[in-house]
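Accompanying notes for the structure given below.
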Amino acid sequence: EVSTHSAAGGSAGGIIGLLEVAESDFSKLLAEVEADEKSAQSEYEAQTKANKLAKAEKETALKYKTKEKAETEKELEELKSDIEGEQSELDAVLDYYSGIK
């Protein structure tokens, strides 16, 4: 019986050893996964911050470009009106000049 108990004790020790190795492996894996997750979270937060900044910059640029476009269109309309006025004046001068000849 002593040898049977001894063999059983050896098997139990082997199983416990195997379980200890498995626990150690799982602990290492858990630590790696947690470190990877923390790194990924940091990268996500940095990218989110960069995206918010880029979005704000683009919205500001769009605001100014829209304002600039409106001002340019207004200036264009004023120039068209000036051209029409100048053309009317030129036509009147040419008519007068034709009448003098």
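Worth pointing out:
- Compared with the dominant Cα axis of the chain, that is its longest principal axis, helix 2-100 is turned about 0°.
- For region 11-61, a Kirkwood hydrodynamic radius built from all Cα pairs, placed in the Stokes-Einstein relation at 4 °C and 1.567 mPa s, yields a translational diffusion coefficient of 91 µm²/s.
- Equivalent ellipsoid dimensions for the chain as semi-axes, Å, which come from the Cα gyration tensor, largest first: 95, 10, 5
Computed from the coordinates by the stated procedures, all read-outs in this text should not be read as laboratory data. Treat the numbers as computed from the prediction; the structure is a model and nothing was measured.
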